[in-house]
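Novice: Take a look at this one; I'll ask things after.
The values are calculated or read from the model by the stated rules, or taken from the named source; none is laboratory data. As the structure is a prediction and not an experimental result, all values here were calculated from the model. Every residue, glycine among them, receives a Cβ derived from its backbone with ideal geometry; neighbour counts consider all protein chains shown.
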Amino acid sequence: MVKNKGFVWFFGVLVLIFAIFCCFGDNQKFVASAEELKTEAKSMIVIEQSSGRVLYSFNEQEKLPMASTTKIITAIYAIEKNKDLDRPIEIPKNATKIEGTSIGLKEGEHLTIRELLYGLMLRSGNDSAVALAIATSGSEEKFVQEVNEFLKEKGINNTQIKNPHGLPDDEHYTTASDLAKITSYALSNPEFAEIVSTKKKSISNELKSKFSRDLINKNKLLKNFEYADGVKTGYTRKAGRCFVGSATKEGMQLVCVLLNCGPMFEECEKLLKKGFEEYKMYKVVSKDDKIGEVKVSKSKVNKIELYSGQDFYYPLKREELKDVNFSVKYEKEKSAPIKKGEELADVQVKIKNQLIFSKKIYNINYIEPNTFNSKFERIIQKM
């Protein structure tokens, strides 16, 4: 829109956000050492959910079995691929024959996708996992293939599943780093977040209508830690005790992954408390910040004011605030025409020399020239 006074051009912006996941770059200099953490886990990581910044980690890139924390992956894929979570499905025979933890599914009974998700995430039902896989992809084998492709698309490159539940298989593995990343992605989905934060849920028991299926969440962190809001337990003899926990306090959500850790609930709570004590979310960029202006020549529009267009928060220690620096690269003057979609600015925020946020700002309104030739061309076009 053009203002009457001064022909100042305010424009909406197309935004390209690149949030840096510190654990996948070279941000390890910000991470506490293993000696400081004194972890009993074979592999561990704590990250902030929205930015992906690693707060603490140990041996986070080692490929390890993850037992039923696999079901985090199964759940988010099933949620995204099933448009109607309240669609009832008939339980196939294959889903009733799986070993290990179950919610007692019977062949031929009907439950909704949503109910199966609760059975999957609260009680770790292996039968729920197989039923969801078949309902989502037509077969367990096709589901596994699709999920592995999905993981690669999301940049989860050191994880491979061979089944939807996490029972032992030498080719079924993840890393603490990967599992934290996919969990953070999943927690951005409201349906997933609602399910994993639920302490108790009653679902259908069609063939035993007098008896309800009351599902009590196995995640003891939800009971023991007031800020807890997820996520999933896991255990096999091969994988040991595995746990992904999450908690939110003062607008900051932390995700803790522990692979092969005996005191998994206690250690998760300790690490989450440490994170909340040492880090806070700070608004590094404000959507209303004017970051510069581009003078425009040969047009009725004489300048474009550049705004960031969105808020960006990042977890920081208080002592790191002095090391945060903000830079904007842009041409201070441009000649019309300026195309729709033309890049106008590149915004970067760093802690010392480490990039934590990058955003490009594009023009979304064509700015036409106001020269004699352009006027003449418009007249000819109208003839």
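Novice: Identify all residues within segment 37-53 that are outside any loop (DSSP other than H, G, I, E, B) and either among the acidic types (Asp, Glu) or surrounded by fewer than 21 Cβ atoms within 10 Å (Cβ to Cβ) (or both); write none if there are none. Please lay out each step first, then the result.
Specialist: Residues of segment 37-53 outside any loop (DSSP other than H, G, I, E, B): 37, 43-48.
Correct list: 37, 48.
Novice: Still on this structure, please answer the following. Do we find a residue being in contact with a helix residue (DSSP H, G or I) (Cβ under 7 Å, 6 or more places away or on another chain), charged (D, E, K, R) and either surrounded by 13 or more Cβ atoms within 10 Å (Cβ to Cβ) or not assigned by TED's automatic domain parsing to the domain that holds residue 245 (or both) anywhere in segment 292-301?
Specialist: no
Novice: Follow-up. Quick check: is even one residue across segment 284-297 of a type in the set (Ser, Thr, Tyr) and modelled with pLDDT under 95?
Specialist: yes
Novice: Further, regarding this structure: Are any residues in segment 105-156 in a strand (DSSP E or B) and crowded, with 23+ Cβ neighbours inside 10 Å, and if so, which ones?
Specialist: Within segment 105-156, the first condition is being in a strand (DSSP E or B), and the residues that meet it are 110-112.
The one that is in a strand (DSSP E or B) and crowded, with 23+ Cβ neighbours inside 10 Å: 111.
Novice: Inside segment 333-359, can you point out the residues that are surrounded by fewer than 13 Cβ atoms within 10 Å (Cβ to Cβ), at pLDDT 85 or above and under 13 Å from residue 306 (Cα atoms)?
Specialist: Selection gives nothing.
Novice: Let me ask something additional. Residues to consider are 118, 173; find the one that is over 23 Å from residue 193 (Cβ atoms) and either in the same structural domain as residue 223 (by TED's automatic domain parsing) or modelled with pLDDT under 95 (or both).
Specialist: Residue meeting the stated conditions: 173.
Novice: Filter segment 179-204 down to residues that are without any contact (Cβ under 8 Å) to a residue 40 or more places away in the chain and in contact with a Gly (Cβ under 9 Å, 6 or more places away or on another chain), then give me how many there are.
Specialist: Here the count works out to 2.
Novice: Counting just the residues of segment 360-376 that are part of a strand (DSSP E or B) and modelled with pLDDT under 80, which one comes out nearest to residue 299 (Cα to Cα)?
Specialist: Here the residue is 367.
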